[in-house]
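Below is one structure; the comments refer to it alone.
The values are calculated or read from the model by the stated rules, or taken from the named source; none is laboratory data. As the structure is a computational prediction, the values presented were derived from the model and not from experiment. Please note: Cβ atoms are built from the backbone with ideal geometry, for glycine as well, and neighbour counts cover all protein chains shown.
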2 protein chains.
Amino acid sequence: MSCSKTGIGLAGFGTVGSGVWKIIERNGGLINSRSQGAISIAIRKIAVRDLTKTRGADAPNDLFTTNLMDVVEDPSVDIVVELIGGTTAAFDLIAAALKAQKPVVTGNKALLAERGAELFALSAEMKTSIYFEAAVAGGIPIIKAIQESLIGNQIEDIVGIINGTSNYILQRMTEAGLGYPEALKEAKDLGYAEADETLDVNGWDAAHKAILLGSLAHGFLIDPTDVYVRGIEKITPLDISFASNLGYVVKLLSFVRLKENGAVEIRTQPSFISKKHILASVNGVFNAVAIKGDGLGESLFYGRGAGQEPTASSVISDLAEAARSIRNADSNRGFLPHRSDGQLVPIAETETSYYIRFSVKDQLGVIADISRILADVGLGISGTHSPVDPDNPDAEFVEMVFLLHSCRFGPLKTALAKVEELDCITARPVVFRIEKL
Amino acid sequence: MSCSKTGIGLAGFGTVGSGVWKIIERNGGLINSRSQGAISIAIRKIAVRDLTKTRGADAPNDLFTTNLMDVVEDPSVDIVVELIGGTTAAFDLIAAALKAQKPVVTGNKALLAERGAELFALSAEMKTSIYFEAAVAGGIPIIKAIQESLIGNQIEDIVGIINGTSNYILQRMTEAGLGYPEALKEAKDLGYAEADETLDVNGWDAAHKAILLGSLAHGFLIDPTDVYVRGIEKITPLDISFASNLGYVVKLLSFVRLKENGAVEIRTQPSFISKKHILASVNGVFNAVAIKGDGLGESLFYGRGAGQEPTASSVISDLAEAARSIRNADSNRGFLPHRSDGQLVPIAETETSYYIRFSVKDQLGVIADISRILADVGLGISGTHSPVDPDNPDAEFVEMVFLLHSCRFGPLKTALAKVEELDCITARPVVFRIEKL
């Protein structure tokens, strides 16, 4: 093996970027030894916005630049690492790197989910790979698992808890009975939520990751506008408590599910799962991805979904892969779509059981009215739950929960619109899917 | 990419071998598509002992041979898959393949753990890789995870449930209160234990896998004769029930633990772990491996540890890797040891808490005598447990459990030898480690 090092250009030196520096400093020799000398990497350029800002790691001053394109154009750079986030400058940087035939490592799930079509086309054209282990589930090596370890499998099912912030918030609402605003504040105070938490709590961070997992598993690019996404912002302690009474916990889950007709069901939303399922015990900011392959059967990958060094660990794994690919001229190691005939299941056609909570005025015939509307579109009731307040058994307004047998979302939506028109209904019905895992 | 297929020579067409055939038949096109055409494999030779035996999959007759070396020597074979088991013919086959510079894929943990030194030396000399994803934890891609995904990590800790047979037996003893013989019989009836269950229940199957994980994680070959291994054959429902009363479950655990001085603690034995730990919920024939890396932090990999297609799924993953390596002439992709200075922690120096059960004659001073012996070698008691039989409060013989604070195994062994000499002791003390995970 050659003794010359593979040069890295690093765009962004925030939490993850400085983590990459630290791991290479600490374990660079180990990486070299473990790879029998095949992988020897050195950071040669670091682009930051502001040279005067305090840095998370002690890299030499002469590596830094404020010109983003230096990390591509510097002749000593062989591989470009994009950790600046966003979908414009990051796009331009990655496109420039691919055009220069320098492999790219990125953790930018939003960029790849939103503008992957352009970037993967360029990757194919330039025969230069984009690696993105760090984009999904932080330190969990789920990309390599799907792409390489499960290459012999038809990936039948992926269910993931892939946003640590929302998982932490839901856990605190469950365990401590906190309301959403209090739990969010706690997450921010502990550094588990960013200053702008929008993408974490509205489901889109998880959805972006699920889009990447779906593309990897099924070989076609998934358009984010076709994906059903709901967040956790409107969840109340009441439904979490009702869920618990019924034997469930509420988790923000992302599904990528291959249906019998070959179409792929992809959705992200807070759902009920049995307390006994292994995913129910994924707590705090941890992530987990359950995968079912037609050969492998059921599997689960669990670990830290964010954080400096877990995410940097994934970047390093990709850097090692990219460094090998340069020596091997193996341009096809990274992911590229291989199908253009992929189909998604329309959300109206997706089927699960349901939990529906109606806030009603307790008047004669209300149960009959609601039940009739549900029955008219073929929705069967498997159970009900409407605890009476022992201190106020004759309350005028009550919460009535209906549990529905597995049904399509389309008819349910129709029925709910009709129920909402009833006089006795005092608020929009609350709907959770009950997932059979 | 070239259109010519990579030829596979398959030695053994039992459960896993016929699974490999089936997966290639079913998903060969998918593998090719997912790899952008880079991986195209075809089985060209299959060696079996008896041509007349019923086969698990419908491969053409002209592929079969009873001459084992045909799977190496046939010119259409590029990669050799060894699935015959054992440590002699399998050794010769793998050695011959390496000498012919044909990469090897094997699931033979016993062979690699016992005779890895010779085979890895030959692998290095011939610049030809040995791939063994199928040797550890069946379908779980743990080898690739450690070798590639965690390449940037110092692997601080590995704890595995990596023998499904013993895990099933222990679970049935726990849940149904079965004795060991009954649980073993049930496992055999269900096909979860082989006709000869020895290596599964005496701990050595798990120990062989742990040896491979330890070698991968720390870069040196571990001599099986230096490894502490205990099985589950002597476990009684009484200790399992006492464990449960104390908040623990008994699991056959394998540890590979990096100590502060750089030495590696490696051992396999049935141990107590908290019922609340995620490993406690790994049931049936499933396997799980928890890994802590200095960058990644805590992670867990869970899935089927045996069975036809899960194991074949791992073989296919290795075949894909080997097929790429042939095209790339990347001879270093597989594992090779990179250190000769590796040290193991002597078992006497290992430290955990302990559960010790003494069967004693209930005579005056017995607790004092035992406690004194323990105290004399510095062993502190953290708790005791000796339930009185409500129907026979004055029983002559009783079971007394002492829970010990964390201590070294050496002094404990010394103390136990002295306790055994006491008149009041009626059986060998039963010892379980209590693991802090």
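The set of residues in the stretch B:101-157 being within 14 Å of chain A (Cβ to nearest Cβ), among the charged types (D, E, K, R), within 19 Å of the chain's Cα centre (by Cα) and surrounded by fewer than 24 Cβ atoms within 10 Å (Cβ to Cβ) consists of B:Lys144, B:Glu156, B:Asp157. Scanning the stretch A:210-264 for residues that are of a type in the set (D, E, K, R) and either surrounded by fewer than 16 Cβ atoms within 10 Å (Cβ to Cβ) or touching a strand residue (DSSP E or B) at 6+ places or on another chain (Cβ under 9 Å) (or both) yields A:Asp223, A:Asp226, A:Arg230, A:Lys234, A:Asp239, A:Lys251, A:Arg257, A:Lys259, A:Glu260.
Taking the stretch A:7-27 as the range and being touching a Lys or Arg at 6+ places or on another chain (Cβ under 8 Å) and either of a type in the set (Val, Ile, Thr) or within 12 Å of another protein chain (Cβ to nearest Cβ) (or both) as the test, only A:Ile8 passes. Looking at the stretch B:315-322, can you tell me whether even one residue there is of a type in the set (Val, Ile, Thr), under 30 Å from B:Thr15 (Cβ atoms) and surrounded by fewer than 20 Cβ atoms within 10 Å (Cβ to Cβ)? No, the conditions are met nowhere in the stretch B:315-322. Within the stretch A:35-56, is even one residue assigned to a helix (DSSP H, G or I), touching a Leu at 6+ places or on another chain (Cβ under 7 Å) and within 14 Å of chain B (Cβ to nearest Cβ)? The answer is no, given that none of the residues of the stretch A:35-56 is assigned to a helix (DSSP H, G or I), touching a Leu at 6+ places or on another chain (Cβ under 7 Å) and within 14 Å of chain B (Cβ to nearest Cβ). Taking the criterion of being basic (Lys, Arg) and part of a helix (DSSP H, G or I), the only residue of the stretch A:115-132 that qualifies is A:Arg115.
Please enumerate the residues belonging to the stretch A:13-61 that are closer than 15 Å to A:Ile79 by Cβ, over 31 Å from the mean Cα position of the chain (by Cα) and in contact (Cβ under 8 Å) with a residue 40 or more places away in the chain. Selection gives A:Ala38, A:Ser40. Restricting the first member to the stretch A:98-127 and to residues that are at positive phi, and the second to residues that are crowded, with 18+ Cβ neighbours inside 10 Å and β-branched (Val, Ile, Thr), the beta-carbon pairs closer than 8 Å and six or more apart or on different chains are A:Gln101/A:Thr128. Among the residues of the stretch B:319-330, some residue qualifies, meaning at least one is small (Gly, Ala, Ser), within 29 Å of A:Ser40 (Cβ to Cβ) and within 8 Å of another protein chain (Cβ to nearest Cβ). For the residues A:Leu63, A:Leu93, A:Leu30, the requirement of being away from chain B (no Cβ under 14 Å) and under 30 Å from B:Ile155 (Cβ atoms) singles out A:Leu63.
Just one of (1) at pLDDT below 95; (2) loosely packed, with under 12 Cβ neighbours inside 10 Å fails for A:Ala417. It is (1).
Cβ separations smaller than 7 Å between residues 6+ apart or across chains give the following pairs from the stretch A:261-272 residues that are more than 18 Å from A:Ile356 (Cα to Cα) to residues that are assigned to a loop (DSSP other than H, G, I, E, B) and hydroxyl-bearing (Ser, Thr, Tyr): A:Glu265/A:Thr350; A:Arg267/A:Thr350. For the stretch A:247-301, the set of residues classified as farther than 22 Å from A:Ile169 by Cα, within 14 Å of chain B (Cβ to nearest Cβ) and not in a strand (DSSP E or B) consists of A:Gly262, A:Asp294, A:Gly295, A:Leu296, listed by residue number. Is it true that some residue in the stretch A:350-367 is without any contact (Cβ under 8 Å) to a residue 24 or more places away in the chain, of a type in the set (Gly, Ala, Ser) and touching a strand residue (DSSP E or B) at 6+ places or on another chain (Cβ under 9 Å)? Checked the stretch A:350-367: no residue is without any contact (Cβ under 8 Å) to a residue 24 or more places away in the chain, of a type in the set (Gly, Ala, Ser) and touching a strand residue (DSSP E or B) at 6+ places or on another chain (Cβ under 9 Å). With respect to being closer than 19 Å to A:Ser35 by Cβ and in contact (Cβ under 8 Å) with a residue 40 or more places away in the chain, B:Gly303 falls outside the description.
Comparison of A:Gly14, A:Gly9, A:Gly19 shows that the only residue that is touching an Asp or Glu at 6+ places or on another chain (Cβ under 7 Å) and closer than 18 Å to A:Asn67 by Cα is A:Gly9. Taking the conditions exactly as written (within 25 Å of A:Leu111 (Cα to Cα) and without any contact (Cβ under 8 Å) to a residue 24 or more places away in the chain), does A:Thr66 satisfy them or not? Taking the combined requirement at face value, the residue satisfies it.
Conditions (1) on the phi > 0 side of the Ramachandran plot; (2) over 34 Å from the mean Cα position of the chain (by Cα); (3) in contact (Cβ under 8 Å) with a residue 40 or more places away in the chain, marked per residue:
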position	(1), (2), (3)
B:Ser382	no, no, no
B:Asn392	no, yes, no
B:Val398	no, yes, no
B:Leu404	no, no, yes
B:Arg408	no, no, yes
B:Thr414	no, no, no
B:Ala417	no, no, no
B:Cys424	no, yes, yes
B:Pro429	no, no, yes
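Within the stretch B:34-87, the set of residues being exposed (fewer than 14 other Cβ atoms within 10 Å of the Cβ), of a type in the set (Ser, Thr, Tyr) and at pLDDT below 95 comprises B:Thr52, B:Thr54. Being away from every other protein chain (no Cβ under 14 Å) and either over 30 Å from the mean Cα position of the chain (by Cα) or buried (at least 18 other Cβ atoms within 10 Å of the Cβ) (or both) is the requirement here; does B:Ser4 meet it? So B:Ser4 fits the description; yes.
Results for (1) of a type in the set (Lys, Arg); (2) out of contact with any helix residue (DSSP H, G or I) (no Cβ under 9 Å at 6 or more places or on another chain); (3) farther than 21 Å from A:Val282 by Cα; (4) outside the structural domain of A:Leu150 (by TED's automatic domain parsing), shown as yes or no for each residue.
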site	(1), (2), (3), (4)
A:Gly164	no, no, no, no
A:Arg172	yes, no, no, no
A:Gly177	no, no, no, no
A:Val201	no, no, no, no
A:Asp205	no, no, no, no
A:Ile211	no, no, yes, no
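Of the set (1) touching a strand residue (DSSP E or B) at 6+ places or on another chain (Cβ under 6 Å); (2) of a type outside the set (Ser, Thr, Tyr); (3) away from every other protein chain (no Cβ under 14 Å); (4) surrounded by fewer than 24 Cβ atoms within 10 Å (Cβ to Cβ), all apply to B:Gly203 but (4).
If you check B:Ser314 against the conditions, is it within 23 Å of B:Tyr192 (Cα to Cα), within 11 Å of chain A (Cβ to nearest Cβ) and without any contact (Cβ under 8 Å) to a residue 40 or more places away in the chain? Here the answer is no, as B:Ser314 does not meet what is asked.
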